[in-house]
Amino acid sequence: MRDKTHPERTLDCLVIGGGPAGLTAAIYLARFRRDFLVIDGGESRADWIPMSHNHAGFPEGIAGIELLDRMRRQARRYGARIERGTVSRVEKTDHGFRAIVEERVLRAQTILFATGVEDREPELPDLRGAIRRGLIRHCPICDAYEAMGQRVGIIGYGACPVREALLLRAYTDDLTLLTLGRPFEFSDDDRRALAEAGVRMVEDPVDELEVDGDRIDAWRMRSGELLQFDTIYSALGRQVRSNLVRPLGVKCDADGALATDAHQRTSVDGLYAAGDVVQGLAQISVAMGQAAVAATDINNRVRAALPVLAPGEEASPAR
Ligand SMILES: Cc1cc2nc3c(=O)[nH]c(=O)nc-3n(C[C@H](O)[C@H](O)[C@H](O)COP(=O)(O)OP(=O)(O)OC[C@H]3O[C@@H](n4cnc5c(N)ncnc54)[C@H](O)[C@@H]3O)c2cc1C
């Protein structure tokens, strides 16, 4: 199989993923006049954000869809090629990488891996509608401010929801931990901290969640008691989308999140990573910052390939 449009071409960079990380890289790489391509599966977490109020520069807030659209337009203005597709395989070669995208084979000196994570969601009819209306939320760092003073539930298991609960306690005193069946595993210290903070722990599982107007109803399985919330935070965890590059032997943590150095280089030469797929804080601004760092290092790495302009010669926008 060959890239039919450019049979022997080797890109400076293949960007895998077109969320805030991949699109920031696209803006930088296009303005660096690099030969690159963004392949995006179209499943950005940012697509689910009804309105972000913590992303700097948008005092009235910005919806995730709008932010992605603006970023795509900005990247394309400088000649970026952003294509819908799924990369199904990545291999290391002597001169870089070979990637399979449906019927095509792409070759690239470097890869910027920005595939993000996928949230594990509670079962709920019209989940997207519930997220859009702020009835289901995922990230207290992003939007606990908007849940101030509300009746808030947190669905989780194991020890996951403890940090979320203690963070949310600064915004509401009506806070309940719920499980859908998998038990909590709190240490004695966790239990004490939660009790001292006045967080209610409901260990009898909830067997059904239902949207009722502007609130969420939760029924306890054994007692049948109805619990009502203005917002439920899902702390059911995330699947890191790093399977594609793990066969390359890349260093990652137990959850599959990639380890990078200060230039966003992974342990595999030429493979960079940015955004939620990297260990650390899952936020738009972090994804953007990491992508800017990675794109700049990629440009420095492949810079020798760009012709130096003669005096008076005009640069073409993209090579
Ligand atoms: C409901 C919700 C609200 C949030 N609110 C905020 C907020 O207010 N502020 C904030 O900072 N953050 C917020 N976040 C987090 C924010 O959305 C993420 O931190 C951000 O989207 C991460 O960007 P990313 O580019 O790393 O990954 P993503 O945005 O998830 O993009 C990854 C892209 O890679 C693509 N991809 C994956 N695998 C492949 C493949 N094999 N081939 C091709 N493409 C592939 C996916 O389809 C996707 O388009 C929120 C998240 C959620 C779910």
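Please treat every number below as a calculation from the coordinates, not as lab data. All of these numbers come straight from a predicted model, not from anything done at the bench. As a convention, Cβ positions derive from the backbone with ideal geometry for all residues, glycine included, and neighbour counts pool all protein chains shown.
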Peptide ranges 198-206, 25-33, 230-238, 176-184 listed from the most packed, as the mean C-beta count within 10 angstrom indicates: 25-33, 230-238, 176-184, 198-206
Calculated P(r) of segment 34-106 - Cα pairs past 14 Å, %: 70 percent
Among Glu196, Glu123, Glu185, residue whose mean-square fluctuation peaks in a GNM of the chain (springs only between Cα atoms under 10 Å): Glu196
Order of Lys251, Lys92 - criterion: other Cβ atoms within 10 Å of each residue's Cβ, fewest first: Lys251, Lys92
Relative contact order of the chain, defined on C-alpha pairs under 8 angstrom at six or more residues apart (%): 20 percent
Cysteines in the chain lacking a second Cys C-beta under 4.7 Å: Cys13, Cys160, Cys252
Computed helical MRE - 222 nm, the chain, DSSP H runs ≥ 4 contributing -39500 (n - 2.57), nearest 500: -6500 deg cm²/dmol
Of the DSSP H helices in the chain, those whose Cα atoms cover at least 24 Å axially and whose Kyte score averages -0.5 or more: 284-302
DSSP-defined antiparallel bridges as percent of all bridges, the chain, nearest 5: 45 percent
Volume in Å³ per residue [convex hull over Cα atoms, computed for the chain]: 156 Å³
Cα gyration tensor category, rounded, prolate or oblate, for segment 32-75 with a/c compared to 1.5: oblate
